[in-house]
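The values are calculated or read from the model by the stated rules, or taken from the named source; none is laboratory data. Bear in mind that the values here come from a model prediction, so they are computed numbers and not experimental data. Please note: Cβ atoms are built from the backbone with ideal geometry, for glycine as well, and neighbour counts cover all protein chains shown.
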Amino acid sequence: MNGDMYTPWGKAETQWQLDEGIFLVETPEHGGLLVDCAKAETVLSAKARQIGKRWNNFLAFEQDADMLVVFYEHPDLYPWMEEELAEQFAEEGLRREHPDYFVAESARQEHEDYFAA
């Protein structure tokens, strides 16, 4: 991605490629993760994809609340701390910002457990 990249949050000042098709971007005032839509289909759950906002050929996950879902599902992409801590950190924020993400997951698990018995 070039330095003249525009994001949903304005012109990018910095961008880091965390993985093929996954970019962490910062603008002077905000930022987040951009995940190529094709990549998102293969690496993120449907629930996580619903949190992202469509922007051009990407799903945009803003930094304050939404990008935590990507780091929860892939703590290895969070380069600033160990994976276990990254997952914990992301889960805490995700439970605060998007509690429905876990409600649907626990309901699905209860359904599967009921029928498995």
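With the requirement that a residue be under 13 Å from the mean Cα position of the chain (by Cα) and of a type in the set (Phe, Trp, Tyr), what does the stretch 51-88 give you? It would help to see each step written out before you state the result.
From the stretch 51-88, those under 13 Å from the mean Cα position of the chain (by Cα) are 51-54, 58-78, 86-87; that's our starting set.
Of everything in the stretch 51-88, those that are under 13 Å from the mean Cα position of the chain (by Cα) and of a type in the set (Phe, Trp, Tyr) turn out to be Phe58, Phe61, Phe71, Tyr72, Tyr78.
Residues in the stretch 84-117 that are of a type outside the set (D, E, K, R), assigned to a helix (DSSP H, G or I) and either at pLDDT 90 or above or in contact with a helix residue (DSSP H, G or I) (Cβ under 9 Å, 6 or more places away or on another chain) (or both): Leu85, Ala86, Gln88, Phe89, Ala90, Gly93, Leu94, Tyr101, Phe102, Ala104.
Filtering the stretch 29-46 down to residues that are touching a residue at least 24 places away in the same chain (Cβ under 8 Å) and under 12 Å from the mean Cα position of the chain (by Cα), which residue is surrounded by the most Cβ atoms within 10 Å (Cβ to Cβ)?
Restricting attention to the stretch 29-46, the residues satisfying the condition of being touching a residue at least 24 places away in the same chain (Cβ under 8 Å) are 30-35, 43-45.
Remaining after also requiring under 12 Å from the mean Cα position of the chain (by Cα): 32-35, 43-45.
Numbers: Gly32: 25, Leu33: 24, Leu34: 28, Val35: 26, Val43: 19, Leu44: 21, Ser45: 15.
Of everything passing the filter in the stretch 29-46, Leu34 is surrounded by the most Cβ atoms within 10 Å (Cβ to Cβ).
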